[in-house]
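The values are calculated or read from the model by the stated rules, or taken from the named source; none is laboratory data. Predicted model, so just to flag it, every value in this text is computed and none were measured. Glycine gets a Cβ as well: all are built from the backbone with ideal geometry, and neighbour counts include every protein chain shown. For accessibility, only protein heavy atoms count, side chains too; no ligands or nucleic acids. Shrake-Rupley method; radii C 1.70, N 1.55, O 1.52, S 1.80 Å.
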Amino acid sequence: MEVEDCMSSGGEEDYYCSDRDSLDDALENEDSDSQWAPPKGSSSKVITKESLLAAQREDLRRVMELLSLREHHARTLLIHYRWDVEKIFAVLVEKGKDRLFKEAGLPMLHSHDLDPSVSTCTTMCDICMEDLPSSEQTKMDCGHCFCNNCWTEHFIVKINEGQSKRIRCMAHKCYAICDESIIRNLVGKRHPDLVEKFDRFLLESYIEDNKMVKWCPSTPHCGNAIRVEEDEFCEVECSCGNQFCFSCLCEAHSPCSCAMWALWTKKCKDESETVNWITVHTKPCPKCHKPVEKNGGCNLVSCICGQAFCWLCGGATGRDHTWSNITGHSCGRYKEDREKKSERAKRDLYRYMHYHNRYKAHTDSFKQESRLKETIKEKVRILEEKDSRLRDFSWVTNGLYRLFRSRRALSYSYPFAFYMFGEELFKDEMTKEDMEIKQHLFEDQQQQLETNVEKLSKFIEEPFDQYPEDRIMEIRMQVINLSVITDTLCKKMYECIETDLLGSLQFGIHNIAPYYSKGIEKATELSIAFHANSCNNDKRQKLHDPTTTNGGTSEESDRPSGSGSSEESGFSAQKRARKDGHGRGMFDLNLPADV
């Protein structure tokens, strides 16, 4: 849908400022990365293919340092707990390390498991039943040992099945996860291309198994992912310009909940309303059961199959009739169930049409108003060429963007009202009296917002380039005042929805993205630059830490320092950049993984 295409992500200070910036500059900077700049930094980050590995490595490092684990063990924990580092810390404190490892399929690590003694004897592989020297066998952390050929075949099958992220041991009832370095070594000797596929799955698990990170649903795919820091029920804008609901990956649809929006889009696309129309305006033939529409005044109708029947009761009849009766047929008895069903279908259809027509009207108005940017830009250019004391027209841009956002909220408020006050979702949550009271409360606020949005639209579309300066000043004050009023009314409507309507429900399964005066937040790109001092301090700490293993925690002294702060990057100040331990380049995330 085109409703969000023209939504700007500019800050509130951009809209109600001192009117010093020109409209031309404001329009040119509409899509700039620096326009949405909250004081504490953006709460959502864009993860590109360049920063994906760095983001994954940071979480790996935190778990590796806390539990003194190797990289593949830390990755196993993170995948099991959906890359929620805080949850891993909480389970560790609550249940202990043994329970933490067991639930994730991680064996308890002992010194004899990690450093098995080299043996020259010949042993039998329990899979292929062949006697082979120890040099041709591999032992996993869980203690099970099989020949390299059986391990390799097992790994190849699992990778091709798309199970690269958690390849388990072959032993019966053993749920331990295999060492990824061993997998690379054995598979790489026979199928080097599968190793790249294996590494790609591991890399993308940071997005696909992480509830706080999701791919941007743009079409064609921009290759970016979005990570949110706090609430997953939010709306974000990718650096590619696509705005979407982070929870369901559909278009931004607040104040509709994701469940409501899914039902609404399905209702608008399928044939449910066509069926309602057929129920209201046609009756089935008693012979072939096809719907028949009455196109005349006589109550004797005939189907294309040749069957004649009575329009009043639907019963089959002969063709002999007069204007007053049908020969051999009488249907004067009242049939309550049939009449109730017809009236119910008619009422549901009219109710749907009421909400859909208003939703469609505001959506169409938004599309028309989105074309005003170029028109207003031309009007301002004409005024600037005149010898006038008015040189600042940023109030037009502020009002236009406020119109976009208010129109968008108003448009999606109708699908919300359709389900909030209908019988499909909340019939058992509220009494009929309570529902009527809340419906009147909501509709009063909705109508106030609608009235002021239309007023704002009227003043924005005025041909002010043809007006004298006094009239332009009047329009300016009207636009500024209406911009503030519509913003306030939007806030009140969202507050009503969150507190009085959805907040009072017994089962809180309907969550909506919060309203921001600044519009949908534009995610900032995740910084992959790091402080040199932090890296050097961490390196010195590692040199004196005998518990640290080599599982991917080595530092690089020649890493260049960056200027990004911990707030800008979204990570702690001790974050370090590390190379891919496999010596491979970055994958092209614009292409889907082969399964």
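Quick rundown of the values:
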| quantity | calculated |
| --- | --- |
| Karplus 3J(HN,Hα) series, Hz, for segment 87-104 with 6.51 cos²θ - 1.76 cosθ + 1.60 (x for Gly, Pro) | 5, 4, 4, 5, 5, 4, 6, 7, 10, x, 5, 4, 5, 4, 5, 5, 5, 8 |
| Where labels lie 7 Å past Cα in the beta-carbon direction, separation of Asp434 and Cys145 in nm | 6.8 nm |
| Thr327/Asp500 FRET efficiency (R0 51 Å; Cβ-Cβ; nearest 0.05) | 0.25 |
| Residue order for Asp465, Asp434 - accessible surface, 1.4 angstrom probe, largest first | Asp434, Asp465 |
| Kirkwood hydrodynamic radius of segment 275-322, from inverse mean 1/r over distinct Cα pairs, in Å | 10.8 Å |
| Sequence ranges 363-372, 288-297, ranked by mean other-Cβ count within 10 angstrom, highest first | 363-372, 288-297 |
| Estimated vicinal HN-Hα couplings, Hz - segment 477-482 in sequence order (Karplus 6.51, -1.76, 1.60; Gly, Pro = x) | 5, 4, 5, 5, 5, 5 |
| Above-threshold pairs, the threshold being 23 Å between Cα atoms, out of Lys158/Lys189; Lys45/Lys158; Lys269/Lys455; Lys49/Lys165 | Lys45/Lys158; Lys269/Lys455 |
| Rounded D (µm²/s) - segment 343-488, Kirkwood Rh over Cα pairs, Stokes-Einstein at 10 °C, 1.306 mPa s | 91 µm²/s |
| HN-Hα J in Hz across segment 151-165 - Karplus 6.51, -1.76, 1.60, θ = phi - 60°, x for Gly and Pro | 4, 4, 4, 4, 5, 4, 4, 5, 5, 5, 7, x, 9, 4, 6 |
| Ranked packing of 156-165, 223-232, most packed first, by mean Cβ within 10 Å | 223-232, 156-165 |
| Net length gained if the chain between His289 and Cys128 were fully extended (0.36 nm per residue, minus Cα distance) | 51.5 nm |
| Where N is the number of residues in segment 65-222, Cα Rg divided by 2.2 N^0.38 Å | 1.15 |
| Where labels lie 7 Å past Cα in the beta-carbon direction, separation of Asp387 and Cys248 in nm | 6.0 nm |
| Pair Glu229, Glu94: separation of 7 Å Cα→Cβ label points (nm) | 2.5 nm |
| FRET E, pair Cys240, Asp320, Förster distance 56 Å, beta-carbon r, rounded to 0.05 | 0.20 |
